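In what follows, a single structure is set out as structure tokens and then discussed.
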Amino acid sequence: MSTETHTHAEGAKHHGGPLIYTANLFALMFLTVVTVAAASFNFGSANVVIALAIASVKAILVGLFFMHLLWDKPVNAIILIAGFLFLGIFLMFDFLDVTSRNNYLPRNMPNMENATPAPDSMNPLKTPAPRPLDPAPAKAEEHK
Amino acid sequence: MSTTLPDIHSHGGHDEHGEHNPYHQHHFATMEQQFDTSKLGMWLFLVTEILLFGGLFVGFGLMQHRYPQQFIEAHEHLKQNIFGRPFPLYGTINTLVLLISSWTMVMGVNAAQTDQKKKTVRYLVLTILLACVFLGIKYVEYSHKFHDGLLPGIFYAHQSEDLIKGTHGYATFFAFYFMMTGLHGIHVLVGIGLLSWLVMRARRGDFSSAYYTPVDLVGLYWHIVDMIWIYLFPLYYLIS
């Protein structure tokens, strides 16, 4: 068994190397410049998508080369991808909620006029949340 | 973090070949299995880190959806005037500093893997220095915000629409800004601590091509801190 303890050094560990790491660093710095430059143009709502896409490419480069995932046992990459997958589910369901929050009534309801609309107090767009520092309305004073 | 050498002679289960790595613990069949196990545990921890920051990212996204205009106006405060044009100077420099520190880190890991003790120490010290540069720039940024009253939540005191009209967009933006960059900064501080510990051990000659697990795992931690910043930077400094 002890002969195996020395295979660690000679085993499949020394992929990568300074050349690849340095090339990866320059690619990452280049992408940083690209993302800063892209932000100065107005692509409308595509700006966020572009910024996040470039960030994801950078994250993948860091993962593959700096974190050795390209040469590693696949189990580590699977763990990372599973983490991002669950983050995606979290994000997706939150935005499903946000984008549908004010539709209290089905859009295809035949007679919308007769339906009771939700009160304004339930609508966060019409009733802003109170500011923590706002002084409480001085109701007690009015009664005197 | 057990830095004490395991007593190799008292453990059973190994034949007496003499040549035995002092860091090889008896419950692992091989050094490689021991390394892979440690690495797997580190990756599980890193996923919890991603989910920790993930919750904050989702919260930031929700609030940006709620206060789109105020978030864009508030993020202009993260920019500096460069030749008369607003440019996220500190943020961009910090991104580059952190990327370079990731490179010095991976070069340190590579040096440890290839038995280059002096190089390992040198690259680890460089990584610590770059981390300090990152925190130094962060300090300059924070002190500007403190001075302007651009503070989180109820401490917000900057003259703007927020105070005039009673909206919360600015205060919310800076609450998320300070919580997320602050939590990231704490991770950088922890990283400096871990790197200092590695420098101490590397100087003592603990690491070799047969055993470099701590260097590799701290490297993974350092890269995930970098990866989180890669997402923080465009979301805070470049939104439009």
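Overview of results
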quantity	calculated
All positions within the range B:116-132 that are surrounded by fewer than 17 Cβ atoms within 10 Å (Cβ to Cβ) and under 16 Å from B:His187 (Cβ atoms)	B:Cys132
In the range B:83-115, the residues that are surrounded by 18 or more Cβ atoms within 10 Å (Cβ to Cβ) and outside any helix (DSSP H, G or I)	B:Pro88
When residues of the range B:52-65 are limited to those that are surrounded by 18 or more Cβ atoms within 10 Å (Cβ to Cβ) and touching a residue at least 60 places away in the same chain (Cβ under 8 Å), the one farthest from B:Phe174 (Cα to Cα)	B:Phe53
Extreme residue, farthest from the chain's Cα centre (by Cα), among residues of the range A:61-76 that are farther than 14 Å from B:Ile228 by Cα and more than 9 Å from chain B (Cβ to nearest Cβ)	A:Trp71
Residue count for the range B:138-153, restricted to those that are within 14 Å of B:Gly182 (Cα to Cα) and either among the polar types (S, T, N, Q) or at pLDDT 85 or above (or both)	8
Candidate set from the range B:199-240 (those that are away from chain A (no Cβ under 11 Å) and crowded, with 24+ Cβ neighbours inside 10 Å); member that is farthest from B:Asn94 (Cα to Cα)	B:Phe207
Residues within the range A:18-77 that are assigned to a loop (DSSP other than H, G, I, E, B) and without any contact (Cβ under 8 Å) to a residue 24 or more places away in the chain, tallied	10
Check on B:Phe155, within 12 Å of another protein chain (Cβ to nearest Cβ) and surrounded by fewer than 16 Cβ atoms within 10 Å (Cβ to Cβ)	yes
Candidates A:Ala46, A:Ala12 - the one that is under 20 Å from the mean Cα position of the chain (by Cα) and either at pLDDT 90 or above or more than 8 Å from chain B (Cβ to nearest Cβ) (or both)	A:Ala46
Unmet criterion (only one of (1) at pLDDT below 85; (2) over 26 Å from B:Pro214 (Cβ atoms); (3) loosely packed, with under 12 Cβ neighbours inside 10 Å) for A:Ala37	(1)
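The values are calculated or read from the model by the stated rules, or taken from the named source; none is laboratory data. All values derive from a computational prediction rather than experimental measurement. No Cβ is skipped: glycine too gets one built from the backbone with ideal geometry, and neighbour counts run over all protein chains shown.
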